Structures are given as structure tokens and as C-alpha cells.
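> Take a look at the following structure, please.
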Amino acid sequence: MADDLSTPVHVVDVFSQGRYTGNQLAVVRDAHRLSADEMGCIAREMDYSETAFVTDESPADGGYGVRLFTPEAEVPFAGHAVLGTASVIRDAIADGDPDEITLSLSEGSVTVTADTDGDEPIFGSKTAPRHSSKRSTPKSPPTWWTWLPETWPATCPVRSSRPDYPS
């Protein structure tokens, strides 16, 4: 594992009306120094349905680098993980309060839009995942992606907790 174990971990409640409800998500920052095996170990330790790892805290190639893991394996896309990660990036990483956050995932990019409802931002996915142009031979999208339209509304309140503890 990485020598410095002070990696910040945010615990986020997605699809919730308050803290400690909804779908929990761990978002690990400063993850560029972690190997895929280390990310898998952290995801198993967190034991949430998904754990997100922010690998680029500055937008590169149009988006923030993010890898998504279940306790069993890395996954190309997960809806609530995308929304919760965008919330953490907007609140704790990005300069200002941008209305859009683009995540660069393993299979392409997805843009998430923030709309403020009172004091709490509400996030919704704006665009379906797009295959990355970085691939020399694009893979076909997984079967479960084929029903997604070009854009779709997926709004939900996201309640973000501050880092609970270092990983």
C-alpha cells in the first residue's frame, strides 16, 4: 500500500433526504498514487455498493479522472456513484461552484449538472457515458448501457459528509 495513509475519504448519501439514509458511497481523494489492487482492498474495506477513487483532482482531457469499484471488482459506470462523486468534486475539489462536472471514467466521460435547491445542490446526470477517444479500438458498450438515451434526467438530492477518517 502507499506509504502515506492519510488519503481523505468522503462518505456521501445519495438519493436521500438527509444524512445516514439513501445509498452510501465512499469517495477517496488523491487516489492517483493507489494501484488497482489497493483500490480494490479499500472498496472491500468500505463495503459499500460502490467506492469512487478520484485519480485526477484537476480536470484533464475535459474531466476529472475517476475509477469506480464494488467490493468485488472495478466497474465502468454506476449511477449513484457518479452523482455522489460529482458532489464531492464540486464541494471539495473544484474551484468555485461549477454548474457542471465532467467525470472521465474507464469507458468514457459523463457530465453531471448541479442545480441549487435552497442550500443543498441537487445533481442530475446530463449526458450518457461516451466512449473515450483515447482508445485505439473502442469496445462495444456493455449491454446494460444500450437502453440509455443521449440525455436523461436523473435528479436526486445528495447530502455530503465531510471526510470521516483517513483510509
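> Using 0.36 nm per residue of separation minus the Cα-Cα distance, give me the extension gain between SER35 and ASP99 in nm, one decimal.
Stretched out fully, the SER35 to ASP99 stretch lengthens by 19.9 nm.
> Return the loop-located GluC sites (Glu not before Pro) in region 69-117 (DSSP other than H, G, I, E, B) with at most 15 other Cβ atoms within 10 Å of their own Cβ; answer none if there are none.
Values: sites: GLU72, GLU74, GLU100, GLU107; in loops: GLU72, GLU107.
Listed in order of number, the matching sites are GLU72.
> Nearest 0.05, what FRET efficiency do ASP91 and ASP115 give at R0 = 22 Å with Cβ-Cβ as r?
On the way: r = 15 Å, r/R0 = 0.67.
About 0.90, to the nearest 0.05.
> Also: For ALA60 and GLU72, calculate 0.36 nm times their separation in residues minus their Cα-Cα distance, and state this gained length in nm to one decimal.
Working: separation 12, 0.36 × 12 = 4.32 nm, distance 2.79 nm.
Length gained, ALA60 through GLU72: 1.5 nm.
> Oh, and also: Quick check: from the Cα gyration tensor, does region 19-62 come out rounded (a/c under 1.5), prolate or oblate? Kindly include the intermediate steps, with their values, before the conclusion.
Details: a/c = 2.97, a/b = 1.38, b/c = 2.16.
Here region 19-62 falls in the oblate category.
> Let me ask something else. Can you give me the long-range amide H partners of GLN24? Hydrogens built in the peptide plane at 1.01 Å from N, cutoff under 5 Å, separation of 5 or more residues or another chain.
Long-range HN contacts for GLN24: VAL14.
> Near HIS80, within a Cβ-to-Cβ distance under 11 Å, what is the net charge of the other residues, with Lys and Arg +1 and Asp and Glu -1? Write out the running numbers ahead of the final one.
Numbers: positive: none; negative: ASP13, GLU50.
Around HIS80, the surrounding residues sum to -2.
> Report ³J(HN,Hα) in whole Hz for each residue of region 95-103, in order, from the Karplus equation J = 6.51 cos²θ - 1.76 cosθ + 1.60 where θ = phi - 60°; Gly and Pro get x.
6, x, 10, x, 7, 10, 10, 9, 9
Each value in this text was obtained by applying a stated rule to the coordinates, not by laboratory testing. Predicted model, so just to flag it, every value in this text is computed and none were measured. Neighbour counts are summed over all protein chains in view; Cβ atoms, including those assigned to glycine, are modelled from backbone coordinates with ideal geometry.
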